[in-house]
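Notes follow the structure.
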Amino acid sequence: MNFETISVIGLGYIGLPTAAVFASRKRKVIGVDVNRQAIDTINRGDIHIVEPELDMIVHAAVTEGYLRATAIAEPADAFLIAVPTPFKNDHEPDLSYIESASKTIAPVLKKGDLVILESTSPVGATEQMVGWLAEARPDLSFPITHGESSDIRIAYCPERVLPGHVLRELVQNDRVIGGMTPKCSAAAVSLYKIFVEGECVVTNSRTAEMCKLTENSFRDVNIAFANELSIICDKLDINVWELISLANRHPRVNILQPGPGVGGHCIAVDPWFIVSKTPEQAKLIRTAREVNDSKPEWVVEKIKLAVADYLLANPDKTARQVTIGCFGLAFKPDIDDLRESPALAIAEKIAASHLGRILVVEPNIEILPEALGKKFELKSVEAVWGEADVLVLLVDHKSFKSVSVTTLNNKFFVDTRGLW
Ligand code: SAJ
């Protein structure tokens, strides 16, 4: 198939890099988004998200005329939907963005077009998307009812790129292609082969949906195991990081690292999409979520104990005179993303109860958002090291690794990452 024009709906962390990579392969790309500011920024050749090297490739794509952003869908040969799929308060998936993306592209669909859903979704979401498309375009036929002879080809093809390494992983990772029929899969493979150097492995749409959820649930369950071990080891006075590194010497054991909890927009969300579909069966997956979600609270209690120990050792001081220093606020090392961050949640909980000062070091951020600036004082590693009475390591940023362990003597500290 020849894809001259490709449309990407949703120009966020996945959609924008994908659009830019297609454009870098000299395809005409129309990016569609509801955010006027994002559209204007992209059309200026700039970016509104943080991802290494993305600015360069978006700038080149826009100035060379291959990439353009708009609020209104235009005809294309292939449509890729990469919109958010958050969950509601009860952990039920919220597919409203997919619904509105479907309604946005429906009027411009034509016979022979390919529509791909990339958003992480519960099993059955692709079929649901086809329902919305078919409702808006009763004049077109879809694979659910017309199989291989349908007018429109449909596939579910999840992304699996790691934030911070998106441009490399988009090209190099293997890609799961879940076509609704073999012809749908073949069309999707030929689209991705424009830039994917990894293997495009074909399956059906439901398996592809479940595959994405399985990948992130696998990590969540493994991290929950590590977090549970860390709580057990704390009781038994064993260093959990030493324990895991020893256990991982076994050729068939690979335990991930414990931490202050699991953050980000994927691993802490996607397992719920399995749980909400099969609540009776997904016992382990639900428990893992609960273990990881409860870890920040456990860390907060540890910090309170460290403050109490400090006061015991310094009877001349009051709680108001104790300064707590938090190292790191991001949701994982070496990024500046504070959204869904357990480190930030812990620091905020401490700020709500602690009477004294709270200093934070976040080497990837120059100025704290206004609301946070009222709660914390942003300082350098050295300043916090010197001024804080109780040190809390929340994120294993590279720059924290150089702190010499010997200088920790006589400090009160809580280390959630095993660096110190
Ligand atoms: N974490 C731990 N211990 C570990 C590893 C991670 O506590 O040993 C924590 C991190 O600190 C962070 C959270 O888990 O708070 C998630 O970080 P991550 O680096 O594991 O993953 P994400 O959320 O940045 O990206 C994941 C990736 N999925 C997998 O590795 C299976 C990525 O490939 C997916 O594309 C992405 O989710 C997504 O979009 O779904």
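The values are calculated or read from the model by the stated rules, or taken from the named source; none is laboratory data. Note that the coordinates shown come from a computational prediction; the quantities given were computed from them, not determined experimentally. Glycine also receives a Cβ, built like all others from the backbone with ideal geometry; neighbour counts cover every protein chain displayed. Areas reflect the complete protein model, heavy atoms only, side chains present, ligands, DNA and RNA absent. Shrake-Rupley method; radii C 1.70, N 1.55, O 1.52, S 1.80 Å.
So in the stretch 162-202, with the set limited to residues that are more than 24 Å from the chain's Cα centre (by Cα) and of a type in the set (Ser, Thr, Tyr), which one is nearest to the ligand (Cβ to nearest atom)?
Out of the qualifying residues, it is 185.
Are there strands (runs of 3 or more DSSP E) fully within the stretch 1-72 with at least 3 residues that are within 16 Å of the ligand (Cβ to nearest atom) and open to solvent by 70 Å² or more (accessible area, probe 1.4 Å)? List them.
In the stretch 1-72, no matching strands (runs of 3 or more DSSP E) lie anywhere.
Pairs please, first residue from the stretch 226-250 and part of a loop (DSSP other than H, G, I, E, B), second anywhere and open to solvent by 70 Å² or more (accessible area, probe 1.4 Å), Cβ atoms under 7 Å, 6+ apart in sequence or on different chains.
As it stands, the answer is 248/254, since those pairs meet every condition given.
What are the pairs, 6+ residues apart or on separate chains, where a residue within the stretch 131-154 that is over 10 Å from residue 184 (Cα atoms) has its Cβ under 6 Å from a residue that is at pLDDT below 95 and open to solvent by 30 Å² or more (accessible area, probe 1.4 Å)?
Filtered contacts from the stretch 131-154: no entries.
Does at least one position in the stretch 346-369 carry a residue that is surrounded by 14 or more Cβ atoms within 10 Å (Cβ to Cβ), among the aliphatic types (A, V, I, L, M), in contact (Cβ under 8 Å) with a residue 60 or more places away in the chain and closer than 25 Å to residue 293 by Cα?
Within the stretch 346-369, one or more residues are surrounded by 14 or more Cβ atoms within 10 Å (Cβ to Cβ), among the aliphatic types (A, V, I, L, M), in contact (Cβ under 8 Å) with a residue 60 or more places away in the chain and closer than 25 Å to residue 293 by Cα.
For the stretch 203-223, how many residues are charged (D, E, K, R), near the ligand (Cβ under 9 Å from one of its atoms) and either farther than 23 Å from residue 252 by Cα or crowded, with 18+ Cβ neighbours inside 10 Å (or both)?
Qualifying residue count, the stretch 203-223: 2.
If you go through the stretch 274-283 one residue at a time, do you hit one that is outside the structural domain of residue 85 (by TED's automatic domain parsing), within 13 Å of the ligand (Cβ to nearest atom) and open to solvent by less than 30 Å² (accessible area, probe 1.4 Å)?
The answer is no, given that none of the residues of the stretch 274-283 is outside the structural domain of residue 85 (by TED's automatic domain parsing), within 13 Å of the ligand (Cβ to nearest atom) and open to solvent by less than 30 Å² (accessible area, probe 1.4 Å).
For the stretch 241-263, how many residues are more than 22 Å from the chain's Cα centre (by Cα), surrounded by 15 or more Cβ atoms within 10 Å (Cβ to Cβ) and within 12 Å of the ligand (Cβ to nearest atom)?
Total meeting the criteria: 2.
Part of a strand (DSSP E or B), out of contact with any Gly (no Cβ under 9 Å at 6 or more places or on another chain) and on the phi < 0 side of the Ramachandran plot - does that describe any residue in the stretch 346-364?
No.
Consider residue 269 against the criteria (1) open to solvent by less than 20 Å² (accessible area, probe 1.4 Å); (2) on the phi < 0 side of the Ramachandran plot; (3) in contact (Cβ under 8 Å) with a residue 12 or more places away in the chain: it satisfies all of them except one. Which criterion is unmet?
(1)
Considering only residues that are acidic (Asp, Glu) and closer than 15 Å to residue 400 by Cβ, which ones fall in the stretch 358-385?
362, 382
Return the residues of the stretch 365-381 that are outside any loop (DSSP other than H, G, I, E, B) and farther than 16 Å from residue 331 by Cβ; say none if nothing qualifies.
Those that are outside any loop (DSSP other than H, G, I, E, B) and farther than 16 Å from residue 331 by Cβ: 370, 371, 373, 377, 378, 381.
Could you tell me which of the residues 322, 299 is open to solvent by less than 30 Å² (accessible area, probe 1.4 Å), within 30 Å of the chain's Cα centre (by Cα) and among the β-branched types (Val, Ile, Thr)?
Being open to solvent by less than 30 Å² (accessible area, probe 1.4 Å), within 30 Å of the chain's Cα centre (by Cα) and among the β-branched types (Val, Ile, Thr) holds for just one of 322, 299, which is 299.
Filtering the stretch 325-345 down to residues that are within 12 Å of the ligand (Cβ to nearest atom) and not in a loop (DSSP other than H, G, I, E, B), which residue is surrounded by the most Cβ atoms within 10 Å (Cβ to Cβ)?
That would be 343.
Pull up the stretch 137-161, narrow it to residues that are out of contact with any Ser or Thr (no Cβ under 6 Å at 6 or more places or on another chain) and either charged (D, E, K, R) or within 16 Å of the ligand (Cβ to nearest atom) (or both), then point me to the one that is most open to solvent (accessible area, probe 1.4 Å).
Selected residue: 139.
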